[in-house]
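Colleague: Take a look at the following structure, please.
The values are calculated or read from the model by the stated rules, or taken from the named source; none is laboratory data. Note that this is a predicted model, so its numbers are computed, not measured. All Cβ positions, glycine included, derive from the backbone under ideal geometry; neighbour counts span all protein chains shown.
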Amino acid sequence: MSTLTKILIVLLTLSSIFLCGIVVTYVATADNFKQQNKIFKTRLDAAKENEKSAKRQLNENIIKNQRLEDKLKNEIASLKGEFAKLQAKLDEVEREKAGLLQKVNSWTSITKDFYQTTDKQGQLLKNTLEELNRVQAEQIKQRKELNETTAAFVEKMAIIKTLEAERKRLLEEKSELQSRLDQLLLPVGQVAAAPVPVTPKKDTARPAMPGAKDIALQGLVKKVDLKNSMASISIGSADGVKEGMKFHVTRGDKFLCDILIIDVDAEEAVGVLELVQQQPKVGDSVSTNM
Amino acid sequence: MSPDGQNRGGKIIASSNIYTALLALVFSVVLATAAFVAYKCYFQYGTIFKIP
C-alpha cells in the first residue's frame with residue numbers, strides 16, 4: 001500500500017467522522033415540523049373559531065350600537081326640544097331679572113331718599129323734643145308760680161274773710177252803740193249826729209278793662225267777611241292788640257263801623273263787626289281812637 | 001507485516017490491519033449516521049423518502 005493511499009484513508013476517515021457528526025448534530029437538533037404543524041393547525045382552528053365568535057360578537061355589538069344610537073338620537077332630539085324650552089325660559093328669566101334689577105335700583109333710590117327723609121324727620125323730632133322739654137320746663141315753672149300765686153290768693157282770701165268778720169263785728173258794735181246813744185239822748189230831746197269817718201271811703205277794686213284807648217293803635221282792614229260779619233286787621237299781638245279791644249273803622253273822615261277783637265295772632269287780629277253804618281272794605285283804616 | 005503486500009498463491013492479504021480498521025470504522029460511522037437520519041425522518045414525517 002502506497003503512502004498516498006494511506007493518507008487518503010486517514011483523510012477519508014477524518015472527513016467522514018466530521019461530516020457524520022455534523023449531520024447527526026443537525027438532525028438531532030432539527031425541529032419537529034410535523035408536531036409544529038399540528039400545533040399551528042390547532043392554533044389556526046382556534047383562531048378561526050375566535051374569528052367566528054368575534055364576528056358574531058361584532059354583529060351583536062353593531063346591532064346593539066345601532067339600537068343605542070337610535071335611542072341616543074331620540075334622546076338628543078328630546079333634549080334639543082327641552083334645551084329650546086329652557087333657552088326660552090332662560091330668556092324670560094333674563095328679562096325678569098332685568099326688570100327686577102331695575103326695580104331694585106328704583107327701590108334702592110327710594111330707600112335712600114327714605115333714609116334721608118327719616119334722618120331729617122329724626123332731626124326734626126329731636127328739635128321738637130328739645131322744644132317740648134323746654135316748654136315742659138317752662139310749664140313746670142309757670143305751674144310753680146301758679147301754685148305760689150294760688151297759695152298767696154288763698155292767704156289773701158283768708159285775710160279778707162277775717163277782715164269781713166271784723167267789719168261785721170264793728171258794724172254790730174256800732175249799731176249797738178248808736179242804739180244806746182239814742183236811748184240816752186231821747187229823754188233829753190236830742191239826736192246823735194251822723195258820724196264822720198276819718199279814713200276816706202275807697203271804691204271797690206275792679207279788674208281793668210282791655211279797652212286801652214290810650215294806646216292809639218292804628219292799622220288797616222286786611223280782609224272782610226260780610227256773610228259772617230267779621231273782618232281781620234293788619235296788626236296783632238306783636239303791636240299790642242289783645243282780645244276784647246274795640247277798633248273804629250274809618251274811611252277818610254267817615255265812620256264806618258266798629259270791630260270787636262275776638263282772636264289775636266302775632267301779625268293780625270280778627271274781630272266781629274259792630275255798629276255797622278257802612279260796609280267796610282279792604283284798606284280802610286282802623287284805630288283805637290277816633 | 002510488510003508494507004508491500006505480496007501475492008502469495010493468488011490470495012489477497014491485507015498489507016496493514018490498522019488502515020482496514022479505519023475503513024471499517026468509517027463505514028460503520030456512515031452507516032450509523034444514515035440509520036439515525038432514517039429513523040428521525042420516519043418518526044417525524046412518517047416516511048423516509050417522500051415529502052409529506
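Colleague: Being modelled with pLDDT under 90, more than 51 Å from the chain's Cα centre (by Cα), within 30 Å of A:ASN289 (Cβ to Cβ) and not in a loop (DSSP other than H, G, I, E, B) is the requirement here; does A:ASP203 meet it?
Modeller: No.
Colleague: For the stretch A:18-27, indicate whether the set of residues that are within 10 Å of chain B (Cβ to nearest Cβ), more than 30 Å from B:ILE18 (Cβ to Cβ) and either modelled with pLDDT of 95 or more or over 60 Å from the mean Cα position of the chain (by Cα) (or both) is non-empty.
Modeller: There is at least one residue in the stretch A:18-27 that is within 10 Å of chain B (Cβ to nearest Cβ), more than 30 Å from B:ILE18 (Cβ to Cβ) and either modelled with pLDDT of 95 or more or over 60 Å from the mean Cα position of the chain (by Cα) (or both).
Here's the yes/no breakdown for (1) at pLDDT 95 or above; (2) over 30 Å from B:TYR19 (Cα atoms):
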{"residue": "A:LEU4", "(1), (2)": "no, no"}
{"residue": "A:ALA30", "(1), (2)": "no, yes"}
{"residue": "A:LYS34", "(1), (2)": "no, yes"}
{"residue": "A:ASN37", "(1), (2)": "no, yes"}
{"residue": "A:ASN50", "(1), (2)": "yes, yes"}
{"residue": "A:LEU58", "(1), (2)": "yes, yes"}
{"residue": "A:ASP70", "(1), (2)": "yes, yes"}
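Colleague: A further question on this structure: Pairs needed: first member in the stretch B:33-49, farther than 20 Å from A:THR13 by Cβ; second member anywhere, among the charged types (D, E, K, R); C-beta distance under 7 Å; at least 6 residues apart or different chains.
Modeller: What qualifies is B:GLN44/A:LYS34; B:TYR45/A:LYS34.
Colleague: Further question: Of all residues being surrounded by 10 or more Cβ atoms within 10 Å (Cβ to Cβ) and of a type in the set (Ser, Thr, Tyr) in the stretch A:15-31, which is farthest from B:ILE48 (Cα to Cα)? Just the residue, please.
Modeller: Restricting to residues being surrounded by 10 or more Cβ atoms within 10 Å (Cβ to Cβ) and of a type in the set (Ser, Thr, Tyr), the top hit is A:SER15.
Colleague: Is at least one residue of the stretch A:115-128 more than 32 Å from the chain's Cα centre (by Cα), surrounded by 10 or more Cβ atoms within 10 Å (Cβ to Cβ) and either modelled with pLDDT of 95 or more or not β-branched (Val, Ile, Thr) (or both)? Can you show your working first?
Modeller: First, pick out the residues of the stretch A:115-128 that are more than 32 Å from the chain's Cα centre (by Cα): none.
Checking the stretch A:115-128: not a single residue is more than 32 Å from the chain's Cα centre (by Cα), surrounded by 10 or more Cβ atoms within 10 Å (Cβ to Cβ) and either modelled with pLDDT of 95 or more or not β-branched (Val, Ile, Thr) (or both).
Colleague: Checking the condition among the acidic types (Asp, Glu), within 30 Å of A:PRO197 (Cα to Cα) and surrounded by 10 or more Cβ atoms within 10 Å (Cβ to Cβ), which residue from A:GLU145, A:GLU173, A:GLU131, A:GLU138 passes? Steps first, answer last, please.
Modeller: Working: A:GLU145 fails: within 30 Å of A:PRO197 (Cα to Cα); A:GLU131 fails: within 30 Å of A:PRO197 (Cα to Cα); A:GLU138 fails: within 30 Å of A:PRO197 (Cα to Cα).
Criteria check complete, one pass: A:GLU173.
Colleague: Another question, then. Just give me the residues in the stretch A:260-274 being more than 15 Å from A:LYS227 (Cα to Cα) and touching a Leu at 6+ places or on another chain (Cβ under 9 Å), in sequence order. So that I can check it myself, show each step before the final result.
Modeller: We begin by selecting, within the stretch A:260-274, every residue more than 15 Å from A:LYS227 (Cα to Cα); these are A:260-269.
Correct list: A:LEU260 only.
Colleague: Might you check whether a residue that is assigned to a helix (DSSP H, G or I), within 14 Å of chain B (Cβ to nearest Cβ) and not acidic (Asp, Glu) occurs anywhere in the stretch A:78-95?
Modeller: No, the stretch A:78-95 contains no residue that is assigned to a helix (DSSP H, G or I), within 14 Å of chain B (Cβ to nearest Cβ) and not acidic (Asp, Glu).
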